[in-house]
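For reference, the structure is listed below as structure tokens.
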Amino acid sequence: KDAEGVKIDPTVVQNIGVKTEEVKLHTLSRTVRAPGKVAVDEQRIFMVNTKISGWVEELFVDFMYMTVRKGQPLMTLYSPELLTAQEEYLQAIRYRDRLKAGGDSAAVRGAEQLLQSVRTHLLNWDIASSEIQALEDRGTAVRTMTINSPSSGIVMEKKVAKGHNVTAGTDLYTVADLSTVWVEADIFQQEISWVKIGQTAEIQISYLPGKVFT
């Protein structure tokens, strides 16, 4: 041993595979590499269904992977239940208006309550307030209900065809908003201790060589 440090016979170095490195002060770290896949954000998946029974009258979105925007019509549904409820609503309006002309305030209040009850029934079927207002202005019922997309995104599933009979609760479409996606990585068990919430990850995709997503 001298001022230059420890000396080891070259033969010994070769035999035991000694490696040397300059002493430096740095943070211990480790790079974890893992295969992964791009996946849909489960919080941005929307199931489109109906609360009433009926028959599929027309499909505006008739195949999977179409791009849709929020509020875009997907299909129309013919429902005898809906037709009856609309007629009841219009009759309730006419009944209230007749009582108003007669001047019986107590009877008018009862008619208003009846009208609100039928209106609530329509709202509970996801009939938009604008469509109910259009029903009042028009004064006649429509035979079909338009079902709109609840979100902008991609149609991942289409489970109906024109003419299908559907019941309340039937899933019709699945729409996924892909403006934000997940990347699911498969980490080996022995490397899990190196992964913490809040760490930065760099992602490389095979079909975009040279591009790194952080």
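The values are calculated or read from the model by the stated rules, or taken from the named source; none is laboratory data. The shown structure was predicted, so the numbers you read here are calculated from the model rather than taken from an experiment. When we count neighbours, we look across all protein chains shown, and the Cβ atoms used for this are built from the backbone with ideal geometry, even at glycine. Protein only, heavy atoms only, side chains kept; ligands, DNA and RNA dropped before computing areas. Shrake-Rupley method; radii C 1.70, N 1.55, O 1.52, S 1.80 Å.
Of all residues being in a loop (DSSP other than H, G, I, E, B) and open to solvent by 100 Å² or more (accessible area, probe 1.4 Å) in segment 1-17, which is modelled with the highest pLDDT? Just the residue, please.
Checking each candidate, the answer is 7.
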Out of curiosity, is residue 142 on the phi < 0 side of the Ramachandran plot, surrounded by 14 or more Cβ atoms within 10 Å (Cβ to Cβ), of a type in the set (Val, Ile, Thr) and assigned to a helix (DSSP H, G or I)?
no
Is it the case that some residue within segment 189-203 is assigned to a strand (DSSP E or B) and not hydroxyl-bearing (Ser, Thr, Tyr)?
-> yes
Just one listed residue, out of 47, 64, is open to solvent by 50 Å² or more (accessible area, probe 1.4 Å), part of a loop (DSSP other than H, G, I, E, B) and touching a strand residue (DSSP E or B) at 6+ places or on another chain (Cβ under 6 Å), and it is 64
If you go through 69, 119, 96, 109, the only one that is open to solvent by 40 Å² or more (accessible area, probe 1.4 Å) and in contact with a helix residue (DSSP H, G or I) (Cβ under 6 Å, 6 or more places away or on another chain) is 96
Those residues of segment 155-214 which are open to solvent by 60 Å² or more (accessible area, probe 1.4 Å), in contact with a Gly (Cβ under 9 Å, 6 or more places away or on another chain) and among the acidic types (Asp, Glu) amount to 184, 186
Reported set for segment 18-39 where residues are touching a residue at least 24 places away in the same chain (Cβ under 8 Å), in a loop (DSSP other than H, G, I, E, B) and exposed (fewer than 10 other Cβ atoms within 10 Å of the Cβ) is 30, 35
Of the conditions (1) touching an Asp or Glu at 6+ places or on another chain (Cβ under 8 Å); (2) exposed (fewer than 15 other Cβ atoms within 10 Å of the Cβ), the single one that residue 152 does not satisfy is (2)
For segment 157-186, the count of residues that are among the aliphatic types (A, V, I, L, M), modelled with pLDDT of 95 or more and not in a strand (DSSP E or B) equals 0
Selection from segment 119-155 of residues at pLDDT below 95 and aliphatic (A, V, I, L, M) yields 122, 123, 127, 128, 132, 134, 135, 141, 142, 145, 147
